[in-house]
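Quick notes on the structure that follows.
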Amino acid sequence: MGAVQKEWGPYWNPVLETLRHEKIRKLQLEKFKRIFKWTYERSKFHRGLYEKAGIRPGDIRSLEDVRRMPMVEKSMMRDIQRKDPFPYGDALCVPLEDVSEFRQTSGTTGQPVYQPDTWQDWEWWAECWAYILWAQGYRPSDRVFLPFGYNVFVAFWAGHYAAEKIGAEVVPGGVLDTQARILKIQELKCTAMMATPTYVLGMADTAQNKMGIDPSSLTIRRITCAGEPGASIPSTKKRMEDAWGAKVFDHAGATEIGAWCFECEAQPGGLHVNEAFFLVEIQDVETGEYIEEPGRRGKMIITALDREAQPCVRFDSKDLIEWAAEPCPCGRTFRLIKGGVVGRSDDITKVKGVLLAPSAIEEVVRGIDGLSDEFEVIVDKVGDIDRIALKVEILGGRENERPRIETQLKDQLRLKTNLGYLIEFHKYGTMPRYEVKAKRFKDLRKGH
Ligand SMILES: [Zn+2]
């Protein structure tokens, strides 16, 4: 007993993952009504919001009605916390003694938000991640290495539990340093791992240049990324896949939302939204209109339909996404978002009057041969004029290619971002290396 009973078919849940779209919508509506009622009855914070907006659970008869409900912003969650019931405040919908997990957001700006989960919520996290891992080809025969610091951030905690849940073998690489982690992967012949794109590239660099080990000679065949958009940026994905000789998959999730979307083995150039567990709405940032059609970008408003301790109901995620036009060849009916999370509405900045998304710069830098994986962008003002500097590293032995690289960089950056850059070349190995989320974009202008 205790063995995983599922057959090794293509889907973790063959019913939900192939449900007709109308049926998924019906399921979402029923689940939405339930979570609305739950928060209305149990959270002073949510009830206050709803009463102010004059909306009650009985008023929701369709998914269009959902749009009349107020959104929740991260700053609101910050304001209610550190109060009773300590430390979560009055969005907590369960008695304090039912909370079994503490996590906090890892955002770089502002006070972190605390996130309580019950044991049932924690099972839900693992279930959502099981969809991800199964879709990316993880099976009970895999030995999965987790090279991350197990701490207060949710990071790959749920990936760990989901790997166990699907029956794979888990090797926690917690406090080991990068070299020790690589040796452990080699020693145990691990077949899969989970890490941020920055760290996947950093590990490959350490293996190759400090240890003389070609990472593609190791046995890692699939890598699941999170925390940064890199695995959905084609040039970064290719660098990771080439270095490790592995398939690299993206997934997106957040502490206060859950693991809401994932790339499947078909690698269709987008991510499936797990629509059985999440309701995703896309809203035009300028006009406030709701977007149903493919190809139009907007910010995501998301509801976690099953999370009970501190629910996520119409959360304004600030993530920019758009629906893909074509269904995925894998057969899942969960809709695809094209190119993953393509940016954040609060990351997009105006430089010389032009809208700039940092991910566009990453795509260019990582696509150029002769540069390392590191780069940094600094926006400042000289007098009244915005200036944008890009720091890159040339690989050892390739310094004579600098003129070609500089021309290529400038041309492609202009094409992709409509801006001119001051390019600074640094010697290989001299720029900072990041272990988790990289800070590559700095805006030094006033008001930022
Ligand atoms: Zn698919």
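The values are calculated or read from the model by the stated rules, or taken from the named source; none is laboratory data. Computed from a predicted structure; not experimentally measured. No Cβ is skipped: glycine too gets one built from the backbone with ideal geometry, and neighbour counts run over all protein chains shown.
T196 - would you say it is at pLDDT below 95 and away from the ligand (no atom under 16 Å from the Cβ)?
Yes.
Which of the residues belonging to segment 269-291 are of a type outside the set (G, A, S) and under 18 Å from the mean Cα position of the chain (by Cα)? First the steps, then the outcome.
First pass over segment 269-291, keeping only residues of a type outside the set (G, A, S): 271-275, 277-287, 289-291.
Passing the criteria: L271, H272, V273, N274, E275, F277, F278, L279, V280, E281, I282.
Just to be sure I understand, how many residues within segment 291-313 are charged (D, E, K, R) and either surrounded by 24 or more Cβ atoms within 10 Å (Cβ to Cβ) or on the phi > 0 side of the Ramachandran plot (or both)?
1
Identify, by number, the condition in (1) surrounded by fewer than 21 Cβ atoms within 10 Å (Cβ to Cβ); (2) part of a loop (DSSP other than H, G, I, E, B); (3) modelled with pLDDT of 95 or more; (4) more than 16 Å from the ligand (Cβ to nearest atom) that A91 doesn't meet.
Condition not satisfied by A91: (1).
Give just the number: which of (1) under 30 Å from Y114 (Cβ atoms); (2) touching a residue at least 60 places away in the same chain (Cβ under 8 Å); (3) buried (at least 17 other Cβ atoms within 10 Å of the Cβ); (4) under 18 Å from the mean Cα position of the chain (by Cα) does I321 not satisfy?
The number of the failed condition is (2).
Identify the residue in segment 253-268 that is in contact with a strand residue (DSSP E or B) (Cβ under 9 Å, 6 or more places away or on another chain) and within 27 Å of T219 (Cβ to Cβ) and, among all such residues, is surrounded by the fewest Cβ atoms within 10 Å (Cβ to Cβ). Walk me through it before giving the result.
Looking only at segment 253-268, we keep the residues that are in contact with a strand residue (DSSP E or B) (Cβ under 9 Å, 6 or more places away or on another chain), and these are 253-265, 267-268.
Adding the requirement that they be within 27 Å of T219 (Cβ to Cβ) leaves 253, 259, 262-265, 267-268.
Numbers: G253: 22, A259: 27, F262: 27, E263: 28, C264: 26, E265: 15, Q267: 18, P268: 18.
So the residue we want is E265.
I need the full set of residues from segment 366-415 which are of a type in the set (A, V, I, L, M) and outside any strand (DSSP E or B), in order please.
Residues satisfying the conditions are I368, L395, I405, L409, L413, L415.
Picking from F334, F375, which residue would you name as being of a type outside the set (D, E, K, R) and within 16 Å of the ligand (Cβ to nearest atom)?
After ruling out the rest, the residue left standing is F334.
Consider R335 carefully, then state whether it is on the phi < 0 side of the Ramachandran plot, modelled with pLDDT of 90 or more and under 21 Å from the mean Cα position of the chain (by Cα).
yes
Would you confirm whether or not segment 298-310 contains a residue that is farther than 22 Å from C225 by Cα and within 16 Å of the ligand (Cβ to nearest atom)?
No, segment 298-310 has no match at all.
Just to verify a result, which residue in segment 242-267, among those that are in contact with a Lys or Arg (Cβ under 9 Å, 6 or more places away or on another chain), over 20 Å from R139 (Cβ atoms) and not aliphatic (A, V, I, L, M), is nearest to the ligand (Cβ to nearest atom)?
G258
Answer yes or no: is there a residue in segment 314-329 that is touching a helix residue (DSSP H, G or I) at 6+ places or on another chain (Cβ under 6 Å), within 16 Å of the ligand (Cβ to nearest atom) and either more than 30 Å from W124 (Cβ to Cβ) or assigned to a loop (DSSP other than H, G, I, E, B) (or both).
no
Which number in (1) free of Cβ contacts under 8 Å to residues at least 40 places away in the same chain; (2) on the phi < 0 side of the Ramachandran plot marks the one condition that G288 misses?
For G288, the exception is condition (2).
Could you grab the pairs with beta carbons closer than 6 Å, sequence gap of 6+ or different chains, first residue in segment 329-343 and within 12 Å of M300 (Cβ to Cβ), second one within 10 Å of the ligand (Cβ to nearest atom)?
Qualifying pairs under 6 Å: I337/G270; I337/L271; G340/L271.
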